[in-house]
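Down below is the structure, laid out as structure tokens.
The values are calculated or read from the model by the stated rules, or taken from the named source; none is laboratory data. Since this is a predicted model, take the numbers as computed values, not measurements. Because the Cβ atoms are built from the backbone with ideal geometry, glycine has one as well, and the counts that use them run over all protein chains shown.
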């Protein structure tokens, strides 16, 4: 789609050539035939290095753009991007249906759905009612329990177990907002990648990335009713206890433990081997190899206990 | 069913005529052929205005009733109502099955269930394993992802998206209690109404109203693993982040934002454009156009930050 | 399997006879043809009384063992047990398929799965998409809503209602850990038992016990999106409000109320008729017939309110 056609869907002005665009992508990863956008100060620093064919941005950031870059100048680039994300979204169904490739030793129970172009590896078991979307790859020796739903494009390694009614690859919760307070859905063209030996609990939900992948690395174990937001990355061997919620773009190092009902704000990093106590709320980056607790603010565990004890002691006397 | 027959199921005494009753309803909405009840001081003020054909109440409220009202006097009207709610509950299956009306452009995948008398609008997609209950109406251009369960009588507008394994219209969590500590289920004859452009996340649950509807208004977006209690009402354009729980009869104005893992106690109101931070606990009515945080008690956001900082500073020194 | 064969899977040394082992079991319940283990100080006191045929333990506890007991001495008995739990795990499918026994008055909707050797009682209704595992017993007059998943060996009494997309009997979240930070799954051979008149909300998850049963006693009502950890025991008539999470081995007495989004740490006991406020965190044993609130620490409700009020008053002035 040419930039001039794109301007039929969003308000803006082209500075540069009316090039052909094949896809949307992030400032960091966009290629010469892709359109990207900058939605504010935070990302402005990435503009200069982008390899995107064209950039949607507010005029105040126009001078940051590489020389010769093609620009669409508009007031609300985030909203423009959301509108376009629908137009460039992948259809739910492949235009041309391709047969799934199912290993002869895989077992597919009745009442399941295996999407076009899916691959099911050796000895894997797909149980009653499960939905395996299009282009999904499932490795060897996996168990997909009944009524699990795996959205299109999800990649699952070997030896994974996904418990009943879990949902892998659902759309991330992202919207741009109009002046009238309407929310315009950001279509998510990324996916979810589960590496080998990952286990996901019953009724847990893992959202797909916007452009890239939400990644759960090798050997990470996730309990029931856990939410993993879009673009999160969980290192190897993490333990995520029930009812924990990770907001979008959370990065956990390796062997991080998140206690029950804990949570994270978006775009935070937790270092390797850190442990967050039950109900802990990770609102900032945390160093690895330490234990933490609490939420306003989160503290090292020993400090948290002392702090709570001080408060108790002080007010008991009052 | 006549009042005299009703007394075979509950203990009580009729004051007035032995009229025929067709249904149960609230004090506010009951009509001349309906039976209502008053379960305590809170609702006693509504007795005088009720148009119900008959009222179940404790004798201490008998003088509040309209002159000529037909009464069933009993000790525990709430329990009596619960017992009767089963008798007057709608059956899970229509006594006479009527074919669903499915628009020719709608797409119904295999392994789905479309209940008697359901209506599926143009271009709507019902994916693998979804259950569409009886009398459910789904508008145009909706996507019902795999294994979604929509209970009987739910009304869904146009352009709605419901993600995998969400449950719409399940029974509210309401019981009356006997002296022996048994819980008698209150059958919920209300339903759920989703207006246009509503999106519901994976594994979220929205309970039906007792008599009336649980309502999610136009353009409201709900993330994964969210609980919406019976008889709640969410205004237009609300944003409800993952793992939030709204207790029964919560009323949110328009464009209210509830952060991740936040919650509300029952019967509270939040004004238009209010924003509740992650983990916020709404235990009282809140004015609109303000930001709030915390739970014991919830405060305005700025005040909350100052308050937490004061506590930190004070006890750091100790 | 002989002890000598078991040593092909784990590292250790046999002290005693090379006896034949039929199953794994807990120190408390293991029989003469079963193997048990002691994973630390906490359980060491139970070693002397065990009737197990053999015990895996660290050499420092060897002197606690009954005279003539057969021992496998190893460095990490918990890890050894986890490795063996896979070998002794029950297969997902009975080696010999036995027809389910379905009462003539039971109603099984299409697209359901009824496993080998299951029993479905009179007038029970199994709705669209539900999965009933092998050896599951469901009593009379139950409603199993659409897409519910009931894992193998679950026992459900009469008059139970299980709402859509709930999962009963999923594996508990238990792992042993290697020195390299890998998590070795503990296979759960226990089950879930729901007694009569139990109701389970939509998208709630109840994990099976390791050896024994997770038990929900008569008349207990569980709301939506609740997590019940392995080996928990809920007394009669409990009320568990939405989004509550009980960690493993929680024991609730009768008529305990857990408010919304509350939780418990593992291995705690709550006495009969205790009530935990919304968000309460049960981190220690609690006496019955009292109300509690808060989490750091949990207190009696009146005390909690006073405490919060004191903090407010003190810092408002600052």
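Among the candidates A:94, A:29, A:111, which residue alone is outside any strand (DSSP E or B) and at positive phi? Step by step, each of A:94, A:29, A:111 is checked, and only A:111 is outside any strand (DSSP E or B) and at positive phi.
With at pLDDT below 95, part of a loop (DSSP other than H, G, I, E, B) and more than 12 Å from every other protein chain (Cβ to nearest Cβ) as the only criterion, which of B:50, B:105 stands out?
Working: B:105 fails: at pLDDT below 95.
Result of the check over B:50, B:105: B:50.
Anything in the stretch A:122-132 that is touching a strand residue (DSSP E or B) at 6+ places or on another chain (Cβ under 6 Å) and farther than 17 Å from residue A:163 by Cα? List them, or say none. Within the stretch A:122-132, none qualify.
Taking the stretch A:114-129 as the search range and keeping residues that are within 14 Å of chain C (Cβ to nearest Cβ) and assigned to a loop (DSSP other than H, G, I, E, B), which one is nearest to residue A:139 (Cα to Cα)?
To start, the set of residues in the stretch A:114-129 that are within 14 Å of chain C (Cβ to nearest Cβ) comprises A:123-129.
Filter once more, keeping what is assigned to a loop (DSSP other than H, G, I, E, B): A:123-124, A:127-129.
Numbers: A:123: 9, A:124: 7, A:127: 15, A:128: 19, A:129: 19 Å.
Here the residue is A:124.
Here residue C:267 meets each of (1) over 15 Å from the mean Cα position of the chain (by Cα); (2) more than 9 Å from chain B (Cβ to nearest Cβ); (3) surrounded by fewer than 20 Cβ atoms within 10 Å (Cβ to Cβ) with one exception, condition (1). A residue that is under 17 Å from residue C:202 (Cα atoms), touching a strand residue (DSSP E or B) at 6+ places or on another chain (Cβ under 8 Å), surrounded by 21 or more Cβ atoms within 10 Å (Cβ to Cβ) and more than 9 Å from every other protein chain (Cβ to nearest Cβ) occurs nowhere in the stretch B:140-148.
Any residue in the stretch B:104-114 that is within 28 Å of residue B:210 (Cβ to Cβ) and either surrounded by 17 or more Cβ atoms within 10 Å (Cβ to Cβ) or touching a helix residue (DSSP H, G or I) at 6+ places or on another chain (Cβ under 8 Å) (or both)? Yes - at least one qualifying residue is present in the stretch B:104-114. Looking across A:20, A:11, one residue alone is surrounded by fewer than 20 Cβ atoms within 10 Å (Cβ to Cβ), closer than 17 Å to residue A:75 by Cβ and not assigned by TED's automatic domain parsing to the domain that holds residue A:176. It is A:11. Can you confirm whether residue A:88 is surrounded by 23 or more Cβ atoms within 10 Å (Cβ to Cβ), touching a residue at least 12 places away in the same chain (Cβ under 8 Å), in contact with a strand residue (DSSP E or B) (Cβ under 9 Å, 6 or more places away or on another chain) and over 27 Å from residue C:148 (Cα atoms)? Judged against the criteria, residue A:88 is not a match.
Checked against (1) assigned to a loop (DSSP other than H, G, I, E, B); (2) out of contact with any helix residue (DSSP H, G or I) (no Cβ under 9 Å at 6 or more places or on another chain); (3) under 18 Å from residue C:212 (Cα atoms), residue C:78 passes all but condition (1).
Within the stretch B:119-139, the presence of at least one residue that is under 23 Å from the mean Cα position of the chain (by Cα), surrounded by fewer than 23 Cβ atoms within 10 Å (Cβ to Cβ) and more than 21 Å from residue B:93 (Cα to Cα) is confirmed.
Among the residues making up the stretch A:149-164, those that are part of a strand (DSSP E or B) and within 12 Å of chain B (Cβ to nearest Cβ) are A:149, A:150.
Please state which one of A:317, A:306, A:310 is within 11 Å of chain C (Cβ to nearest Cβ) and closer than 24 Å to residue C:310 by Cβ. Spell out the reasoning first.
On the way: A:306 fails: within 11 Å of chain C (Cβ to nearest Cβ); A:310 fails: within 11 Å of chain C (Cβ to nearest Cβ).
Going through A:317, A:306, A:310 in turn, just one is within 11 Å of chain C (Cβ to nearest Cβ) and closer than 24 Å to residue C:310 by Cβ: A:317.
Count of the stretch B:296-308 residues, restricted to those that are touching a residue at least 24 places away in the same chain (Cβ under 8 Å) and crowded, with 19+ Cβ neighbours inside 10 Å, is 1. Residue-level analysis places residue C:281 among those that are within 14 Å of chain B (Cβ to nearest Cβ), surrounded by fewer than 24 Cβ atoms within 10 Å (Cβ to Cβ) and within 20 Å of residue A:223 (Cα to Cα).
Going by the conditions given, is residue A:276 touching a residue at least 12 places away in the same chain (Cβ under 8 Å), more than 25 Å from residue A:165 (Cα to Cα), crowded, with 20+ Cβ neighbours inside 10 Å and touching a strand residue (DSSP E or B) at 6+ places or on another chain (Cβ under 7 Å)? First the steps, then the outcome.
Values: touching a residue at least 12 places away in the same chain (Cβ under 8 Å): yes; more than 25 Å from residue A:165 (Cα to Cα): yes; crowded, with 20+ Cβ neighbours inside 10 Å: yes; touching a strand residue (DSSP E or B) at 6+ places or on another chain (Cβ under 7 Å): yes.
When the stated conditions are applied, residue A:276 passes them.
In this structure, does residue A:39 turn out to be more than 30 Å from residue C:116 (Cα to Cα), surrounded by 18 or more Cβ atoms within 10 Å (Cβ to Cβ) and not assigned by TED's automatic domain parsing to the domain that holds residue A:267?
Yes: the conditions hold for residue A:39.
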